[in-house]
Amino acid sequence: MRRLLFGALCTLCTLVMANAAHALELTPVGTYASGIFDESAAEIVDYDAQGKQVYVINAHKNVVDVLDVTDPAKPVRTTSFDFSAYGKGANSVACRNGMIAVAVEADPKQNPGAVVVVDRTGRTLAAFRVGALPDMVTFSPDGRYILAACEGEPNKDYTNDPEGTVNVIDISGGLDKAVNHSVKFTAYNPFKAHLKAQGVRISHPGSTVAQDIEPEYIAVSPDSKLAFVALQENNSVAVIDLEKAEVTKILALGLKDWSKLVMDASDKDKAVNLKSWPVRSAYMPDGISAFAMDGRNYFITANEGDSREYGDYSDELRFAKAKLDPKALPGADRLQDDKALGRLKTIPDLSDMDGDGDYDRIVAFGGRSFTIWDEDGNRVFDSGDMFERILARYHADWFNTTSDENKFDNRSDDKGCEPESAVIGVIDGRTYVFVGLERMGGIMVFDITDLRAPAFVTYRLDRDFSGDPKKGSAGDLGPEGVRFVPAAESHTGTNLLIVGNEVSGTTTIYTVR
């Protein structure tokens, strides 16, 4: 298949589905530019309607930048809250009722981190000791809990691998009487073999279950009773009973079958080459959101995929370098050409089913999609190959480019456009999901009101491929944090979408109509 070309390249475009009755338009109204390229100067964002402020994690400076958005068209940084007294890295922010909670990692990051709560002036109200590497913080919908996902990543030579944990901080009695629960996974240590048989990926040979598990992101059910925790590298989601502050189950997400779908698996074929392949992939979600419909809880995952590389340890291997079992994969050696599957990054421990050192199947990283699951982990809907089909149709000249340079087909061998975040929004009685694409950039929007037949609505990409990313002239790059603000909670009276773009260091505010 040859590379697709268009007469006029649409770089700042919106694509709308045919059903205009349910169409939405994302219109950028204002952007704050930090002027810092590819240093995580705009990551996670949250919004305070009463203060008319947006809080932005600037990990490069270990601060939260405070943006005055009284006029959304002219966001202005008024101050920054410095968290260097609590650790080396501010990773996540969430706000509620005048409280701003910030997750801060320690130095070294294998030591316990902190969740620091400040007021709108930056004055510290409370600080809580949490697990190693708190990478995400959120409030429960009812405001009773502050939750932190603590990844517990190892050091470079894997000699210090702290356990992954989730902190559930009950603030119902006030911050001064808060009860801080550390939810651990140690009870699962004796069941390592059973978990792996069920599909929970426990991959490092020297780690316990609790050490190998790395909580990435948290979504809380609307009734504030359950937390769904993405365990990205483990290709699973943990369910936590918040009242009891304990893990009730770990849901293995399984593998995605690409033999009946299409994907571009090579960065060396010089084409948009969407084909069916005998490949499976692990969903490995990053962002996750929860919602309820018809009395049942559901969660949505953005299936980014992620590998582990620490010093000499790596859990990825290009397919061309894999030893194949000739009985399990007869003739598959012809697929090891770089223009076929040779360049595809694969997962050795999931590809070698019998542990004899060769591949019995081909398993890659990431679902290149979003997925809707019920609270028991049953897959309700997956967007399949829709993301790559949409990008191939409307951005063929920059298909699967990466976030820090304009390079055609750069990410096809890896994890594609890398869906990073999935945020729910309800507008006029209809439910939508806004999915940020970390590598390609932009926001995909789907109407999920009918859970089993979601419809593509629009794709907004405010990236200028004629510009230079390093010089700040390429627009928004690398969306990391996405926050939907319903009109009823917006100081403007309109629906807003706020996006923190990690690579370009920009924070952009959209109206959603």
Item to check | Cβ pairs under 9 Å, 6+ apart, first in region 153-176 and over 24 Å from residue 187 (Cβ atoms), second of a type in the set (S, T, N, Q) | outcome: 155/110
Item to check | All positions within region 346-372 that are surrounded by fewer than 19 Cβ atoms within 10 Å (Cβ to Cβ) and closer than 30 Å to residue 422 by Cα | outcome: 348, 349, 361
Item to check | Residue identified as in contact (Cβ under 8 Å) with a residue 40 or more places away in the chain, within 17 Å of residue 301 (Cα to Cα) and not β-branched (Val, Ile, Thr) among 486, 479, 469 | outcome: 479
Checklist outcome for this item: Restricting attention to region 21-57, the residues that are in contact with a helix residue (DSSP H, G or I) (Cβ under 7 Å, 6 or more places away or on another chain) and either aliphatic (A, V, I, L, M) or closer than 18 Å to residue 512 by Cα (or both) number exactly 1
Next on the checklist: Just to be sure I understand, how many residues within region 461-484 are crowded, with 17+ Cβ neighbours inside 10 Å and closer than 18 Å to residue 32 by Cα?
Outcome noted: 16
Checklist entry - Would you pick out the residues in region 236-250 that are surrounded by fewer than 22 Cβ atoms within 10 Å (Cβ to Cβ) and among the aliphatic types (A, V, I, L, M)? => result 239, 245, 247
Checklist entry - Can you tell me which of 481, 500, 472 is more than 19 Å from residue 289 (Cα to Cα) and not charged (D, E, K, R)? => result 472
Next on the checklist: So, residue 28, is that one surrounded by 16 or more Cβ atoms within 10 Å (Cβ to Cβ), under 18 Å from residue 441 (Cα atoms) and at pLDDT 95 or above or not?
Outcome noted: yes
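Matching residues to (1) of a type in the set (Gly, Ala, Ser); (2) closer than 27 Å to residue 423 by Cβ:
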position: 133; (1), (2): no, yes
position: 148; (1), (2): yes, yes
position: 166; (1), (2): no, yes
position: 179; (1), (2): no, no
position: 234; (1), (2): no, yes
Item to check | Selected residue [touching a residue at least 12 places away in the same chain (Cβ under 8 Å) and in contact with a Lys or Arg (Cβ under 9 Å, 6 or more places away or on another chain)] from 426, 499 | outcome: 499
Checklist entry - If you take the residues of region 106-129 that are of a type in the set (S, T, N, Q) and in contact (Cβ under 8 Å) with a residue 12 or more places away in the chain, which of them is surrounded by the most Cβ atoms within 10 Å (Cβ to Cβ)? => result 110
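Here is a check on your reading of the model: is residue 456 surrounded by fewer than 23 Cβ atoms within 10 Å (Cβ to Cβ), aromatic (Phe, Trp, Tyr), closer than 30 Å to residue 94 by Cβ and modelled with pLDDT of 95 or more?
Against the criterion (surrounded by fewer than 23 Cβ atoms within 10 Å (Cβ to Cβ), aromatic (Phe, Trp, Tyr), closer than 30 Å to residue 94 by Cβ and modelled with pLDDT of 95 or more), residue 456 qualifies.
The values are calculated or read from the model by the stated rules, or taken from the named source; none is laboratory data. Bear in mind that the values here come from a model prediction, so they are computed numbers and not experimental data. With ideal geometry, Cβ positions are generated from the backbone for all residues, glycine too; neighbour counts draw on all protein chains shown.
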